[in-house]
Structure formats: structure tokens, C-alpha cells
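Colleague: Here it is, the structure, as C-alpha cells.
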Amino acid sequence: MSKNIVIISNYYPPEMGAAANRIKNLAEGLKNKGNKVTVICPLPNYPKGKIFEKYSRKFFVKENIEEITVKRYWIFPSKSKNAIVRLFSMLSFAWSFWFSIFSLVRKKPDVFIIQSPPLLVALSGLLLSKVLGCKNILNVSDIWPLSALELEVIKKGFFYSFLEKIEKTNYKLADKIIGQSEEIITHIKAVITKEFLVYRNVPVYREYDVKEKSRGNLKIVYAGLLGYAQGILKICDEINFKELGVELHIYGAGMEENEIKEFAANADNNVFFYGVRTASEIKDEIRKYDIGFVPLKNKIYGAVPSKIFELMQLGIPILYVGSGEAVELIKNQKLGVFSDPNDVKRLKANISFFKEMNNSDYIMYSKNNINAHLNEFNLELQMEKFQNFI
């Protein structure tokens, strides 16, 4: 049975990154199931920290994108490392989207799907759903503030305790809860009893064939945010890709963008930087390369990067730096190889493993990725579960 669904998210295309793509995939999947979908989000500003030129000097923009209504509200944009400034940025959108209440009163949604983090945006969305008397589902993609602590972005203290209180309040206000991983669900179950669903973020791509290994240097690709959590610049400093006989090709933007661009231009290290590509362009770009790189600088409990599911569908073997549930997924499905964060020796060994791999073994890894996508991690199967959960 089709429903009138409103999604509240702090990120949405044309912004780039996993968070924006995650919500776009969800919105499109629900729309394809026959639901009426509206997305409430800020004016595009991420990751640059500035409102995109097309949307500048506006408080509200309404668009219809592929049969999805997108309502964009004002935000004070920032990519500042100052916690107070970032907090004000989140609060600005958490306040501004309440102007949507006038249209929502006229035609009440059947259900709100509210993205978390940011915690304060999620809290505001949950309260809006309660004021309107609508059912809500909290969609938890990362465990905050725990993830921020593990990334060393914040330390334990008053601010951390404040965010923990908001986190637990959000769980209590939610009617149902979705988590992007089993670890996220386990964490929330220790706080409260609700109806839960594990929903994997999988992309909407066309089907791809099994891939063969290219000749010459092994070509590794990273496509995504260039921020603190990924640690790409540190890896470039620590590993001489040229000495290993491989190449690292980087696409994206973020806090480390300028440093990585300068490094690629000046260091004789087989590191190449290309900047940003559109979502429609990047999947075909990635297919040009042999290995997909998915690094995390620190252990982040509950994190299963969405890039894993993107590479899976593209048939690209995975070079993962991280721990936890993602490692088990890669190991059980034989999707690629992995190493712990900051284990440079193991990472080099894994790169060499792929470099020395013969074509038939490479094809096996490519086939494993595509089969995992077809049999379990595809949008149609995920949306069947989601629709039934709603």
C-alpha cells in the first residue's frame, strides 16, 4: 500500500558524499514502490561549507526531481572545526525547516523518515512529527556522539554528555528505528526497546559485468569525501605507491582536498587527483580502475561504509582499511582484503597481494562482488524489507 512519506535529511544531492547518496537512494527506492515522497533538506552547501551558487541568497527552494518533491530550507553553512560554529549550523536548519509545517498541516504525511546524525536536526524532525501527530521512523546511519569520540573530533566532557542525552532522547521519541548495520542496532537495543530494521545503503546503478584486471600498473581508485575520517592524505604520506608499482587515483572534495591536490601535483608518488565528478559520471570512472579503496582512519563502531556496496555492484574488488562489521562482510563474501587502521605494513602487503594477483583470481573477486549484490545487497530486496517495515 502506497504512502505519503516525508524524509528529513541534512544532506541531499547535488551535494556529494555517502550521506547525500544514501538519502537519494532511499527516496528513489520508495518512490519506485509507488509512494509519494517529499525530501526536506537544507540548501546545498556540503562539503564546501558554502551555499551552491544556484541556491544562494534564497531562504526556500522547491524542486521536483525525478518525481520526488525536494524542499530546501535555509542553513548557516559551515565546515569550521569549531564545535560551536558547527552546532549553530545544525541548529539553523533544525529551526528553518519548521516553516514546512504550514504545507504539512494541509496534507499530513503518513510517516516521517528522519535521518540521524546530525542529532539536533533529528530531534527537531522527531518533534515536528509529534506536533503533527504523524508516525516517524528514525534512520540511524552513524552512532553519535560515539563516532565523533572514536574519530577524536570531540572528547568526553560536558558537550559529549549533552549529545549523549540528545541521542537517547531521539531513540525514545522514535516510533521505529532503522540502522545501517547490526552493530548500530545492538547499540540502540542497549538503550531502548523498539521495532528495528537493518537497512543497507545500496546504490541505484545499472547492472555491470564481471571485470578483468588491467595490464601494467595496478590502478587503485578512491572516490568520496576527503575528510578527517578517511585519512587519505596520511596514507599518501606513508606509502610510496610508485615504489610498489601501483597508482592511486583520487576523486572527491573535502577538508583535505587542497593538501591532496598539492601532494599529487608535487610528489613523485603515482598519486593522481581529479576533483569532483557527478554521481552519474563517477560510476563509469570507477570501472576504469582495478581496485576500490575504502579507508577509515580510526575504528568507528557500527560503520559499514556505503562505498562497499557501490563497489560491490560495480564488480570492483575492495581494499578496505577499518574494522568491525565491514570486515566480516568482506571476509564472508570474499569481496577483497582488509587491514586495521594505521597498520601501514599490512596495507602495503594487501596492495602487493592485488598487484601480484593473476587475472583468473581477480575475476573471482569481481564475480564475488557482483553475486553479493545480486543475491543480497541490491536496492529491490532492501526496499521490499523497508516497505514492509513501514
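Colleague: At 1.4 Å probe size, with every protein chain present, just tell me what the per residue accessible area of the stretch 96-138 comes to in Å².
Modeller: 38
Colleague: Let me ask something else. Quick one: Karplus J couplings for the stretch 264-275, per residue in order, coefficients 6.51, -1.76, 1.60, θ = phi - 60°, nearest Hz, x for Gly and Pro?
Modeller: 4, 6, 10, 8, 8, 9, 6, 10, 10, 10, 10, x
Colleague: Express the Stokes-Einstein translational diffusion coefficient of the chain in µm² s⁻¹, to the nearest whole number, given a Kirkwood radius over alpha-carbon pairs, 37 °C and a viscosity of 0.692 mPa s.
Modeller: Translational D for this selection: 152 µm²/s.
Colleague: Then there is this: Helix 83-96 versus the longest principal axis of the chain: what is the Cα-based angle in degrees, 0 to 90, to the nearest 10?
Modeller: 50
Colleague: Quick one: net charge of E384's neighbours, Cβ under 14 Å, K/R +1, D/E -1?
Modeller: Around E384, the surrounding residues sum to +1.
Colleague: Taking all protein chains in place and a 1.4 Å probe, what share, in percent, of the accessible surface of the stretch 74-227 do carbon and sulfur account for?
Modeller: That share works out to 59 percent.
Colleague: Still on this structure, please answer the following. Would you mind counting up the charge near T69? Only other residues with Cβ under 12 Å from its Cβ, with Lys and Arg at +1 and Asp and Glu at -1.
Modeller: Taking every Cβ under 12 Å from that of T69, the sum is +3.
Colleague: If amide hydrogens are placed 1.01 Å from N in the peptide plane, which non-local residues have theirs closer than 5 Å to the one on I7?
Modeller: For I7, the qualifying residues are T38, V39, I40, I113.
Colleague: Okay, next question. In Å and on Cα atoms, what radius of gyration and Dmax does the stretch 1-96 show?
Modeller: Over the stretch 1-96's Cα set, Rg and Dmax evaluate to 13.7, 46 Å.
Colleague: So what's the back-of-envelope 222 nm ellipticity for the chain, counting only DSSP H runs of four-plus at -39500 (n - 2.57) apiece and dividing by all residues, rounded to 500?
Modeller: Taken over the chain, the calculation gives -12500 deg cm²/dmol.
Colleague: Check which residues have an amide H placed less than 5 Å from F338's amide H, if you skip close sequence neighbours.
Modeller: Answer set, sorted by chain and number: Y320.
Colleague: Now for a separate question. If you count only protein heavy atoms with a 1.4 Å probe, what accessible area per residue comes out for the stretch 232-382, rounded to a whole Å²?
Modeller: 42
Colleague: May I ask you to evaluate 6.51 cos²θ - 1.76 cosθ + 1.60, the Karplus curve with θ = phi - 60°, for each residue of the stretch 306-317 and list the ³J(HN,Hα) values in order in whole Hz, giving x for glycine and proline?
Modeller: Values per residue, Gly and Pro as x: 5, 4, 4, 6, 5, 5, 4, 5, 7, x, 9, x Hz.
Colleague: Given the chain, what percent of its DSSP beta bridges are antiparallel, to the nearest 5?
Modeller: Once the DSSP bridges in the chain are tallied, antiparallel ones form about 10 percent.
Colleague: Would you list, by chain and number, the lysines whose Cα falls below 16 Å from the Cα of K107, excluding same-chain residues fewer than 8 positions away?
Modeller: K3, K36, K71, K130, K135
Colleague: Related question: In whole angstrom, how far apart do the alpha carbon centroids of the stretch 59-133 and the stretch 314-341 sit?
Modeller: Comparing the Cα centres of the stretch 59-133 and the stretch 314-341, I get a distance of 34 Å.
The values are calculated or read from the model by the stated rules, or taken from the named source; none is laboratory data. Computed from a predicted model, the values in this text were never measured in an experiment. Don't worry about glycine lacking a Cβ; one is built from the backbone with ideal geometry, like all the others, and counts go over all protein chains shown. These area figures cover heavy atoms from the full protein model, side chains too; ligands, DNA and RNA do not enter into them. Shrake-Rupley method; radii C 1.70, N 1.55, O 1.52, S 1.80 Å.
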